[in-house]
Amino acid sequence: MSDVLLVFLYALATALATGLGALPFLFVGEISDRVLANSHALAAGLMLGASFGLVSEGTAHGRMETLGGTVLGVLFILVAQTLLEDYDEEELVFGAARGESARKMLLMLVVMTVHSFSEGVAVGVSFGGGVTLATVITVAIAVHNIPEGVAISAVMRPRGVSVAKCAGWSVVSSLPQPLMAVPAFLFVEAFRPALPWGLGFAAGAMIFMVLVELLPEAFDEGRRASVATLTTVTIVAMVLFQRFL
Amino acid sequence: MPNGEPVLTVLLYASLAALTASLGAVPHAIRGRLALPVLGWANALAAGLMLGVAYSLMSLSADEGMVQGAVGALVGLGTVRLTHAGTGTEDLDLNRIGELSPAYGYQVVLVNTLHAAYEGVAIGAAMLVSLPFGISMALALAVHNIPEGMVLTAILAERGVRLPHAAILAVATNLNQALLAVATFSVVGVVPWLLPGVLGFSVGALLYLVLVELLPESYHQAGRTSIAVVTLVAMAMVVALGVAP
């Protein structure tokens with residue numbers, strides 16, 4: 001099998017792993033305000049923890065480039081928000097949800113999908129050193145993707161989307177990964193300078209999404225002490241998880 | 001910087017961080033009563049700077065000893081929760097400007113005092129990593145204390161406290177910061193294996209304080225987008241300007 005096909009298949013496997021993140025929601029019964037608050041706090045913690053990892057990887061390649069990427073990530077979300085606000089309540093439909101709820105789910109999917117582009121580049125560049133470690137790297141990245149599926153499902157499931165569809169959308173959000181991994185692998189030297197920008201972009205978009213959508217909603221629906229506790233514990237767990245894999 | 005006496009450096013910068021809290025009274029002196037969105041942005045600024053400090057400490061504790069750091073973070077989180085529960089201030093809203101009950105007055109001052117103690121631990125631990133790194137963290141927290149002093153002054157002024165007295169009270173609530181910075185620096189300096197755990201402790205405490213005290217109310221005082229932008233920019237400034245350890 002050619003190396004290019006191999007990189008593509010490995011990256012595709014990591015994208016499919018994202019769907020596993022929906023599975024925990026099989027065990028969540030009735031959807032109440034408290035469930036909504038807790039799942040938003042969980043998603044916030046996962047995304048903040050993941051962003052801290054991206055920033056520290058990005059700054060290792062270039063501090064200012066990472067920050068430049070972060071600014072672009074924030075601008076990207078602001079533009080996406082403005083575009084989505086142009087739609088009327090009735091026009092904006094996502095599954096069974098309408099208006100505000102549909103807008104939030106769409107924004108979450110957009111954020112997680114664009115962030116996968118930079119992850120794909122990171123995968124390709126890391127394979128660029130040769131495919132000997134391919135299996136190890138793939139398993140590590142696949143496992144990393146599961147919390148992203150959890151974060152997406154945590155926003156979609158409380159809004160009435162089925163677990164199967166949460167899994168499907170989680171996989172879709174990760175599809176840019178195999179698409180970007182191949183060119184990044186083939187042209188490592190061309191892509192390497194873009195890496196800190198991409199990592200910063202992904203971190204900026206995710207942190208901004210947490211601050212502008214997930215946390216305020218969690219605070220509205222739940223007690224602030226429990227939201228803060230769950231988010232903090234999740235950040236710590238996510239950072240620990242990333243370091244050990 | 002005093003040569004050969006690092007404890008004096010710690011005392012100097014931690015005291016500076018406590019003193020800057022008095023500057024929070026300046027906007028009131030110039031503009032009179034502050035508009036609600038201004039207080040929201042003050043909270044967001046304080047939150048972002050603290051997140052930046054927490055991120056910087058976290059990236060360190062990750063290198064120094066991951067598991068100890070994570071355990072320390074959970075202990076830090078637990079300690080803040082315990083002190084809040086023990087003083088009956090678990091869900092205290094620090095921004096009820098019009099609230100004039102006697103109990104609220106002492107609770108706000110008490111919570112601000114507890115808050116400053118964790119900043120002291122963070123400064124002391126950061127100084128042990130390296131003095132330049134510790135100084136940059138102390139300066140970030142010194143700036144953080146200004147908007148925090150603004151919010152405290154707003155509450156005190158509404159209760160009839162004169163501005164010079166409010167400024168002094170803001171410094172007084174932050175004095176334990178200097179004490180704990182020196183204590184942490186001295187004790188952990190003698191027992192170096194505690195460092196990763198203590199760094200983790202500050203990370204857990206600081207993250208939780210941002211999430212439970214600073215962010216929740218800010219979303220009611222100013223728009224979500226502006227809060228998210230101010231928080232993220234402040235955080236990025238610390239990451240950009242902070243001295244790499």
Taking B:Trp193, A:Trp169, B:Trp41 and counting other beta carbon atoms within 10 angstrom, the fewest-first order is B:Trp193, B:Trp41, A:Trp169
Projected onto their principal axes, the Cα atoms of the stretch B:6-241 stretch, largest extent first, over whole-Å spans of 48, 35, 35
Along the dipole axis of chain A (charges at Cβ: +1 for Lys and Arg, -1 for Asp and Glu; origin at the Cα centre), the most positive-end residue among A:Ala190, A:Thr14, A:Ala154 is A:Thr14
Rg (one decimal) and Dmax (whole number) from the Cα set of the protein assembly as shown, in Å, equal 22.8, 78
If R0 = 41 Å, then B:Ala240 and A:Ala13, at their Cβ-Cβ distance, give a FRET efficiency to the nearest 0.05 of 0.65
Per the C-alpha gyration tensor (a ≥ b ≥ c, the square roots of its eigenvalues), the stretch B:121-243 is rounded if a/c is under 1.5, else prolate if a/b beats b/c, else oblate; here it's oblate
Averaged over the residues of B:65-73, the number of partner chain Cβ atoms within 10 Å of each residue's own Cβ comes to 3
Measuring from the longest principal axis of the C-alpha atoms of chain A, the long axis of helix A:163-174 (C-alpha) lies at a number of degrees, nearest 10, equal to 40 degrees
Note: B:220-231 gets an average of partner chain Cβ contacts (10 Å, Cβ to Cβ) equal to 4
Karplus-derived 3J(HN,Hα) from phi for the stretch B:205-217 (6.51 cos²θ - 1.76 cosθ + 1.60, θ = phi - 60°), whole Hz, x at Gly and Pro, runs 5, 5, 4, 5, 4, 4, 6, 9, 9, 8, 6, x, 6
Given a Förster distance of 45 Å, the FRET efficiency implied by the Cβ-Cβ spacing of B:Tyr106 and A:Leu84, rounded to the nearest 0.05, works out to 0.50
Per-residue Cβ contact counts at 10 Å, fewest first, order B:Ile155, A:Ile152, A:Ile207, A:Ile31 as A:Ile31, B:Ile155, A:Ile207, A:Ile152
Shielding of A:65-74 by other chains, given as the mean Cβ count within 10 Å, works out to 2
Computed on Cα atoms, Rg of chain A relative to 2.2 N^0.38 Å comes out at 0.98
For the stretch B:77-147, the Debye formula with one identical point scatterer on each Cα and no solvent gives log10 I(q)/I(0) at q = 0.20, 0.26 Å⁻¹ as -0.89, -1.12
Note to self: C-alpha centroids of the stretch A:112-127 and the stretch B:162-179 sit apart, in Å, by 48 Å
Checking rank on A:22-28, B:183-189, B:118-124, with mean other Cβ inside 10 Å and highest first, the result is B:118-124, B:183-189, A:22-28
Output ordering of A:179-185, A:2-8, A:63-69 (per-residue mean of other Cβ within 10 Å, highest first) is A:179-185, A:63-69, A:2-8
With the charge dipole of chain A built from beta-carbon charges (+1 for Lys and Arg, -1 for Asp and Glu) about the Cα centre, the Cα from A:Val74, A:Gly222, A:Leu84 projecting farthest to the positive end belongs to A:Gly222
The rounded separation in angstrom of the Cα centers of the stretch B:13-78 and the stretch A:136-166 is 32 Å
Note, the stretch B:80-93: 3J(HN,Hα) by Karplus (6.51, -1.76, 1.60, θ = phi - 60°), whole Hz, Gly/Pro = x, goes 4, 4, 5, 5, 5, 5, x, 9, x, 10, 3, 10, 5, 8
Against the 2.2 N^0.38 Å rule of thumb, the C-alpha Rg of the stretch A:145-217 sits at a ratio of 1.34
For A:Phe94, the residues 5 or more places away or on another chain with a placed amide H closer than 5 Å to its own amide H are none
Rounded to the nearest 500, the 222 nm mean residue ellipticity computed for chain A from DSSP H runs (n ≥ 4, each -39500 (n - 2.57)) alone is -26000 deg cm²/dmol
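Where a number appears in this text, it was derived from the coordinates with a stated rule and is not lab data. This one's a predicted model, so the numbers in the text were calculated from it and none came from an experiment. Cβ atoms come from the backbone with ideal geometry, glycine included; neighbour counts cover every protein chain shown.
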